[in-house]
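What follows is a short report on a single structure.
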Amino acid sequence: MPYKFEKIKLKGLQDRRRKLTEEQMVDIRKLYETGNYSLNKLATRYKVSKKTILLIVNLDSKRKNDEYIKGHWKNYELTKEERNKAVKKLRDYKKNLYEKGELKWIKR
């Protein structure tokens, strides 16, 4: 039976795959629109890749990237042992957040 914390969605930077907050993404879009900052300058400033900045400021590039990922995800398949190890690692991470009180259960 799954633990309560396993069904809780990670928000913001709790998800370790995310590098930027929503506020930072809004700031990046504003700075890029002024024309004073290039993709390289923004990438250096926020310590992310140029492609990450491009996907934030250019919605067409984001759409194309998402389509590519959806079409090619089946080419990468974990073995059963690798998948189990990854799931255990995520469960342990969520459990630690839950025990620290940083992850809250929201009843719907």
**Message:** Within region 57-108, take every residue that is of a type in the set (Asp, Glu) and closer than 27 Å to residue 28 by Cβ and give me the one that is nearest to the chain's Cα centre (by Cα).
**Reply:** 66
**Asked** Of the numbered conditions (1) modelled with pLDDT of 80 or more; (2) surrounded by fewer than 10 Cβ atoms within 10 Å (Cβ to Cβ); (3) among the polar types (S, T, N, Q), residue 61 satisfies every one except a single condition; which is it?
**Response** (2)
**Fill in**
Residue pairs qualifying under the 6 Å Cβ cut-off, at least six apart or on distinct chains, with the first in region 86-102 being within 16 Å of residue 9 (Cβ to Cβ) and the second being surrounded by 11 or more Cβ atoms within 10 Å (Cβ to Cβ), are 94/5; 95/5; 97/103; 98/5
**Item:** Test for residue 93: is it surrounded by 11 or more Cβ atoms within 10 Å (Cβ to Cβ) and of a type in the set (Phe, Trp, Tyr)
**Value:** yes
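The values are calculated or read from the model by the stated rules, or taken from the named source; none is laboratory data. Computed from a prediction, not measured in an experiment: that's the story for all the values here. We place every Cβ from the backbone using ideal geometry, glycine too, and count neighbours over all the protein chains shown.
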